[in-house]
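Visitor: Take this structure first; my questions come after.
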Amino acid sequence: MDTYENMENNDRTEQPEPQHTEQPWDNFRAESVPEPEAPTPKPKKSGKVWKTIGCCVMAVVLVAVAAGSAAFVTRYFWADDIKRSEQRIDQLQQIVAELESEVQSNSFTGNGNSISGTPNTGADGLTPAQVYAQNVKSVVAVSCQTTTNIFGQVSETASSGSGFILSEDGYVVTNYHVIEGASKVTVILSDSSEYEAEVIGFDSANDVAMLKIEAEGLQAAVLGSSDDLIVGDQVVAIGNPLGELTSTLTVGFVSAKNRSITSEGTLINMIQTDAAINPGNSGGPLFNMKGEVVGITTAKYSGTTSSGASIEGIGFAIPIDDVAKKISDLKEYGYITGAYLGVMVHDMDQATAEYFNLPMGAYVKEVTKGSCAEKAGVQAKDIIVAVGEYPVSSLNGLSRALGQFRGGEDTTITVWRGGREVVLNITLDAKTNPNG
């Protein structure tokens, strides 16, 4: 405590004030340096400031007006486009809503949709499932019993095939080879009801036959046009494969047209398809995707080739356009009443034709005496290349061309003879009942 006080007292010790001694230049500095005058303030330029402010305000106003004008112009010129875009958006939303509703309503109705909901439709709008539902009642199974007597030993064999209902009063179409030699024929409908059938008529050359059952109010199939088919069209076969799998559906495509195929020893024009056709399918209908009959399923290739390769997916059907008139004749008359030419012919060998520069056609081996062909002047070794306006390039082609005419009709027949074409006038004969 004493130390602190001593220190404080020492700080407060009075010091002697310094004495001022006048210097010689003191008076000189005071007299020589005049007192500076206060600066005169410059007047404020208030007018320029207001002008600047005014310019800024005008600039802001102009920018606002320009922006407003641009917005107006944009709205004016784009209003229609904006409105149209809004309408398109509304339409698209409506379409999407309709599609969603359709998919939801069809997902479990068994209408032929795939798992994803996408319809498996053909080019003409029907799905295979719809073709089946529309026509399954028109397809029948055909069961046959054949009795044989060999050296007094009687035996019975059974065979089966398919067919389709031609009219609601019980006419049924099938292949001839299905009922050939049968002692008893039974037609089985899709509801398993059975009817004994009568063979009304047949044409072995075209492998078609007509049956009749005593029934009314049946669902008849609708005939279409096989000529309208193109390679790649989808087709549906319904039949009775193996004689026990009734009302079986198989789906495929048209693989080729105008195939000359030997069926039961006869050369017939065929549609080739990869739709599965098996024993028991013979005589059944081949449908297009309109649900119309375009062919009669008849044959298939099976087994293996000489190289050991398996044969799969090669089936054949008779074009309905080739037999439509014949079917009508069988129903009305019991036999084919088409035109008869009276010649024995065979196909031209292509290698021979090319070597001797000959046309492809039906080569005449023999002319029947008294026939219309003999009367018209057709000769052996002629090559028939046309009947009327229908070209002929093969035996099958000649049969198809004659199928366009009836007995008694006048037309022309064109033959290749002596290095040139010869056109002959002809009145076609009518076929007689081959069944007696």
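The values are calculated or read from the model by the stated rules, or taken from the named source; none is laboratory data. Computed from a predicted model, the values in this text were never measured in an experiment. Counting neighbours? That spans all protein chains shown, and the Cβs are built from the backbone with ideal geometry, glycine included. Keep in mind that these areas ignore ligands, DNA and RNA; they rest on the heavy atoms of the full protein, side chains included. Shrake-Rupley method; radii C 1.70, N 1.55, O 1.52, S 1.80 Å.
Visitor: Give me the compactness ratio for segment 304-348, meaning the Cα radius of gyration over 2.2 N^0.38 Å.
Guide: 1.90
Visitor: Is the shape of segment 203-347 best called rounded, prolate or oblate, per the rule: a/c under 1.5 gives rounded, else a/b larger than b/c gives prolate, else oblate, with a ≥ b ≥ c the square roots of the Cα gyration tensor eigenvalues?
Guide: Since a/c reaches 1.5 but b/c is at least a/b, the shape of segment 203-347 is classed as oblate.
Visitor: A follow-up question, please. Can you give me the distance in nm between label points at GLU194 and ASN258, each placed 7 Å from the Cα along the Cα-to-Cβ direction?
Guide: 4.5
Visitor: Could you list which residues have their amide H under 5 Å from that of GLY280, counting only those 5 or more apart in sequence or on another chain, with H placed in the peptide plane?
Guide: HN-HN under 5 Å from GLY280: LEU242.
Visitor: Now, a different point. May I ask for log10 I(q)/I(0) of segment 133-226 at q = 0.16, 0.20, 0.24, 0.26 Å⁻¹, from a Debye sum over the Cα atoms as equal point scatterers with solvent left out?
Guide: Debye intensities relative to I(0), on a log10 scale: -0.64, -0.93, -1.24, -1.38.
Visitor: Something else about it: Would you mind giving the average projected area, over all directions, of the Cα convex hull of segment 191-242 in nm² with one decimal?
Guide: Computing the convex hull of the Cα atoms and averaging its projections yields 6.2 nm².
Visitor: A further question follows. State whether segment 295-405 is rounded, prolate or oblate according to the following rule on the C-alpha gyration tensor (a ≥ b ≥ c being the square roots of its eigenvalues): a/c under 1.5 gives rounded; otherwise a/b larger than b/c gives prolate, and the remaining case gives oblate.
Guide: Oblate, since a/c reaches 1.5 and b/c is not below a/b.
Visitor: Then there's this: Report the full-extension gain for the segment HIS346 to LYS137: residue separation times 0.36 nm, less the Cα-Cα distance, to one decimal in nm.
Guide: 71.1 nm
Visitor: Per residue, what accessible area does segment 305-436 have, given a 1.4 Å probe and all protein chains present, in Å²?
Guide: 53
Visitor: For a 31 Å ceiling on Cα separation, which of these pairs sit above it: LYS300/LYS325; LYS300/LYS375; LYS212/LYS369; LYS300/LYS326; LYS331/LYS381; LYS290/LYS326?
Guide: Distance filter (> 31 Å) returns LYS300/LYS375; LYS212/LYS369; LYS331/LYS381.
Visitor: Additional query: Between ASP228 and PHE151, what is the FRET efficiency for a Förster distance of 51 Å, r being their Cβ-Cβ separation, to the nearest 0.05?
Guide: According to the calculation, E is roughly 0.45.
Visitor: Ignoring solvent entirely, what values of log10 I(q)/I(0) come out of the Debye formula for segment 347-436 at 0.14, 0.16, 0.18 Å⁻¹ when each Cα is a single scatterer?
Guide: Calculated log10 I(q)/I(0) at the listed q: -0.48, -0.63, -0.78.
Visitor: Taking Cα pairs under 8 Å and at least six residues apart, what relative contact order does segment 164-219 come out at, in percent?
Guide: With pairs under 8 Å counted, the relative contact order is 45 percent.
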